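First the structure, in the form of structure tokens, and then the observations on it.
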Amino acid sequence: MKSKEKILQDLAKAVIDMEEDKARNTSCEAIDFGIEAYEAINGGLVKGMKVVGDLYERQEYFIPEVLLCSDALTAGLEVLQPHLPVDGNKAAEKVVIGVVQGDTHDIGKNLVKIMLEASGFEVYDLGRNVPLQDFAEKALEVGSRIIGMSTLMTTTMDGMRTVIDDLKKRGIRDEFLVIIGGGPISPAFAKEIGADLYAPDANSAARKLKELLEVRACA
């Protein structure tokens with residue numbers, strides 16, 4: 001019979017190895033063994049996805065591999081999530097993300113969503129070509145204090161400034177962390193428009209948000 005440690009290792013490995021069936025079957029094993037769903041998710045699936053993020057950051061994995069890993073993660077989550085306590089994710093930080101109006105390139109944004117969810121965030125995905133006013137409105141609706149925006153087009157970059165200006169006009173800019181990223185985006189541009197964070201890739205987006213939230217919590 002497998003030990004708890006072995007089951008958690010197998011969950012992580014299933015994600016890293018892009019094995020949906022193994023992730024699903026091992027998640028069932030975890031439940032049968034008596035491992036709490038939250039521990040199986042965070043000590044197994046999420047742990048594996050963090051390794052995937054590191055591999056992606058080191059350019060050992062690329063977008064196709066990451067997406068296959070995320071399919072394995074999802075397969076495991078489908079088994080485990082029904083076993084979570086009703087309020088198991090109550091304290092999760094909420095994030096509203098989307099690709100700004102005028103741009104339909106969403107692979108990068110989808111990767112950010114995956115990495116944020118794997119890091120314990122509750123993500124509200126507005127999709128692509130998002131009307132600029134929708135970022136603030138959705139954040140207010142769901143009670144999020146984090147807004148993430150991306151674009152791959154230089155012609156739509158200034159939409160990010162418009163969203164931040166919209167928050168200022170509403171008098172709520174200080175209530176939100178704004179993180180931006182995408183091909184043409186740079187740290188200088190983030191500073192210029194008054195964004196709180198710039199992330200060059202999905203893994204750093206999740207890491208930087210967690211680090212900044214920890215810093216602010218201790219302030």
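The slack in the chain from Gln133 to Asn42, taken as 0.36 nm per residue of separation less the alpha-carbon distance, amounts to 29.3 nm. Ala92 to Cys28: FRET efficiency via 1/(1 + (r/R0)^6), r the Cβ-Cβ distance, R0 41 Å, to the nearest 0.05? Once rounded, the FRET efficiency stands at 0.95. Take the Cα of Glu78, step 7 Å toward its Cβ, do the same at Cys218, and the gap between the two points is 4.1 nm. When Rg and the Kirkwood radius Rh are both evaluated on Cα atoms of the stretch 6-129, their ratio Rg/Rh stands at 0.99. Helix 20-33 and the long axis of the chain differ in direction by around 60°, with both axes built from C-alpha atoms.
Cβ-Cβ distance of Gln59 and Glu141, R₀ of 41 Å, FRET efficiency by 1/(1 + (r/R0)^6): the value works out to about 0.60. Each label was represented as a point 7 Å from its Cα along the Cα-to-Cβ direction; for Ala188 and Lys169 these points are 2.9 nm apart. Which of the listed residues, Gly171, Ser144, Leu67, is farthest toward the dipole's positive end in the chain, when Lys, Arg count +1 and Asp, Glu count -1 at the beta-carbon? Looking along the dipole axis, the top candidate is Gly171.
A DSSP coil position with no more than 15 other Cβ atoms inside 10 Å describes the following trypsin sites (Lys or Arg not before Pro) in the stretch 44-122: Arg58, Lys90. Once the gyration tensor of the Cα atoms in the stretch 105-155 is diagonalised, the equivalent ellipsoid follows with semi-axes of 18, 16, 7 Å, ordered largest first.
Compactness check for the chain: Cα Rg over 2.2 N^0.38 Å is 1.06. The long axis of helix 4-16 is offset from the longest Cα principal axis of the chain by roughly 50 degrees. Count Lys and Arg as plus one, Asp and Glu as minus one, and take only other residues whose Cβ is under 12 Å from that of Ile16; the net charge is then -2.
No lab work stands behind these numbers, since they all come straight from the coordinates. Note that the structure is a prediction, hence the values are computed from the model and not measured. All Cβ positions, even for glycine, are placed from backbone atoms using ideal geometry, and neighbour counts span all protein chains on display.
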